[in-house]
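Colleague: Just passing along the structure, written as structure tokens.
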Amino acid sequence: MASSVSANFFLHLLLFVSLFHFNLAARLLTHSTETQQNLLFQYHNGPLLTGKISINLIWYGKFKPSQRAIVSDFIASLSSPMSAIAQPSVATWWKATEKYYHLIKSHKGSPLALSLGTQILDESYLFGKSLSNKQILQLASKGSQKDAINVVLTSADVAVDGFCSSRCGTHGSSMSAKKINGKNSKFAYIWVGNSETQCPGQCAWPFHQPIYGPQNPPLISPNNDVGLDGLVINLASLLAGTATNPFGNGYYQGPKEAPLEAASACPGIYGKGAYPGYAGDLLVDSATGASYNAHGANGRKYLLPALFDPSTSACSSLV
């Protein structure tokens, strides 16, 4: 059963584990005094993503096939029939984003339907091993820009501006290189880095000891890969933010330059009873001892963040 926890309460307490969004949603690791204010989570009258959307994966750097499978199975799990997967499931978690659409009285678009698109591998490090935001956008532009979210994933040996020091990933939008149906249009993109060797304490908690705050033992990751299981948490958060605030004028709380979105408004909450240093009461795999809260395709298990429920103004987790 899903549980709800006051978002403002946890925003005040979870300073050391808060991962806030930067620009159009980078997951920030610093805490702003503005987030302590009683700011309303609001709809800003802009479009949300609708219709059939492909999620294209751009792999930058060296990833093992097993690591790529963790992410591709997660994407596939978003649209897996709920009757075919044990509950609670990744698809059940994603279905919670539909509440954002239901609250918009003028919304008449087709329901959002995500699917795994193409995968592009760049193991030659085209731009080297230290990337700027401009280069992230260049990589994101390699994927199809029509009815798509292009996701750039950087390997553990790649540094990105702001990675670890202020963010674990980001999402944003850019003008498409070509006109679609004779019109200029935007496409959405996401970047997430593998933090395994650079900053697992910031970007892979609770599967690694946090740098600050209570030093509880880290949890065992469900796919036996701390970096990739942490990456999935961040990717899930950014996907929820991309769907509900793709162009910076959808749903968010706080300033537009550093908004709190569907998942980043609920930092550090993964299950009922969560508090600073404790992710919540999670499910535990009896065979491996790994902690998780969602079942996925191909027998996968994942840990996914709580989402802000706009109808109750509270954070809601799967367990």
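Colleague: State yes or no: is Gly227 on the phi > 0 side of the Ramachandran plot and either free of Cβ contacts under 8 Å to residues at least 12 places away in the same chain or open to solvent by less than 10 Å² (accessible area, probe 1.4 Å) (or both)? Break it down into steps so the answer makes sense when it comes.
Modeller: Details: on the phi > 0 side of the Ramachandran plot: no; either free of Cβ contacts under 8 Å to residues at least 12 places away in the same chain or open to solvent by less than 10 Å² (accessible area, probe 1.4 Å) (or both): yes.
No; evaluated as a whole, the condition is false for this residue.
Colleague: Can you find, within segment 173-188, the residue that is farthest from the chain's Cα centre (by Cα) among those that are part of a strand (DSSP E or B) and at pLDDT below 80? Even if it seems obvious, please write down each step before you answer.
Modeller: First pass over segment 173-188, keeping only residues part of a strand (DSSP E or B): 173-175, 180, 183, 186-188.
Checking which are at pLDDT below 80 leaves us with 180, 183.
On the way: Ile180: 27, Lys183: 30 Å.
Per the criteria, the residue is Lys183.
Colleague: Quick one: what pairs do we get from segment 119-135, first residue over 17 Å from Lys64 (Cα atoms) and open to solvent by 90 Å² or more (accessible area, probe 1.4 Å), second assigned to a strand (DSSP E or B) and modelled with pLDDT of 95 or more, C-beta under 7 Å, 6+ apart or different chains?
Modeller: Here the result reads Lys129/Ala159, each pair linking segment 119-135 to a residue that is assigned to a strand (DSSP E or B) and modelled with pLDDT of 95 or more.
Colleague: Shifting gears a bit: Quick check on Asn216: is it within 27 Å of Lys301 (Cβ to Cβ) and surrounded by 17 or more Cβ atoms within 10 Å (Cβ to Cβ)? Steps first, please.
Modeller: Numbers: within 27 Å of Lys301 (Cβ to Cβ): yes; surrounded by 17 or more Cβ atoms within 10 Å (Cβ to Cβ): no.
When the stated conditions are applied, Asn216 does not pass them.
Colleague: Could you list, in sequence order, all residues of segment 197-213 that are assigned to a loop (DSSP other than H, G, I, E, B) and surrounded by 22 or more Cβ atoms within 10 Å (Cβ to Cβ)?
Modeller: Listed by number, the residues that qualify are Ala204, Trp205, Pro206, Phe207.
Colleague: If you don't mind, another one. Residues being under 17 Å from Leu57 (Cα atoms), in contact with a strand residue (DSSP E or B) (Cβ under 6 Å, 6 or more places away or on another chain) and surrounded by 17 or more Cβ atoms within 10 Å (Cβ to Cβ): count how many of those fall in segment 139-171.
Modeller: 14
Colleague: Just one of Ser89, Ser132, Ser165, Ser155 is of a type in the set (S, T, N, Q), more than 19 Å from the chain's Cα centre (by Cα) and within 30 Å of Gly268 (Cβ to Cβ); which is it?
Modeller: Working: Ser89 fails: more than 19 Å from the chain's Cα centre (by Cα); Ser165 fails: more than 19 Å from the chain's Cα centre (by Cα); Ser155 fails: more than 19 Å from the chain's Cα centre (by Cα).
Step by step, each of Ser89, Ser132, Ser165, Ser155 is checked, and only Ser132 is of a type in the set (S, T, N, Q), more than 19 Å from the chain's Cα centre (by Cα) and within 30 Å of Gly268 (Cβ to Cβ).
Colleague: Just the residues that are assigned to a strand (DSSP E or B) and either β-branched (Val, Ile, Thr) or touching a Leu at 6+ places or on another chain (Cβ under 7 Å) (or both), please, taken from segment 129-158. I'd like the intermediate steps shown before the answer.
Modeller: Let us first name the residues in segment 129-158 that are assigned to a strand (DSSP E or B), namely 130-131, 148-154.
Across segment 129-158, the qualifying residues are Ile149, Val151, Val152, Leu153, Thr154.
Colleague: Those residues that are surrounded by fewer than 22 Cβ atoms within 10 Å (Cβ to Cβ) and polar (S, T, N, Q), I need them from segment 254-296; list them, please.
Modeller: Residues satisfying the conditions are Ser286, Thr288.
Colleague: Within segment 56-112, how many residues are closer than 29 Å to Val226 by Cα, open to solvent by less than 50 Å² (accessible area, probe 1.4 Å) and of a type in the set (Gly, Ala, Ser)?
Modeller: 9
Colleague: Just to be sure, is Trp191 under 30 Å from Gly299 (Cα atoms), among the hydrophobic types (A, V, I, L, M, F, W, C) and either at pLDDT below 95 or part of a loop (DSSP other than H, G, I, E, B) (or both)? Walk me through it before giving the result.
Modeller: Details: under 30 Å from Gly299 (Cα atoms): yes; among the hydrophobic types (A, V, I, L, M, F, W, C): yes; either at pLDDT below 95 or part of a loop (DSSP other than H, G, I, E, B) (or both): no.
It is false that Trp191 is under 30 Å from Gly299 (Cα atoms), among the hydrophobic types (A, V, I, L, M, F, W, C) and either at pLDDT below 95 or part of a loop (DSSP other than H, G, I, E, B) (or both).
The values are calculated or read from the model by the stated rules, or taken from the named source; none is laboratory data. Since the structure is predicted, the reported quantities are computational estimates derived from the model, not experimental observations. A quick note on method: Cβ atoms are made from the backbone with ideal geometry, for glycine too, and the neighbour counts reach across all protein chains shown. Accessible surface areas use protein heavy atoms only, side chains included; no ligands, DNA or RNA. Shrake-Rupley method; radii C 1.70, N 1.55, O 1.52, S 1.80 Å.
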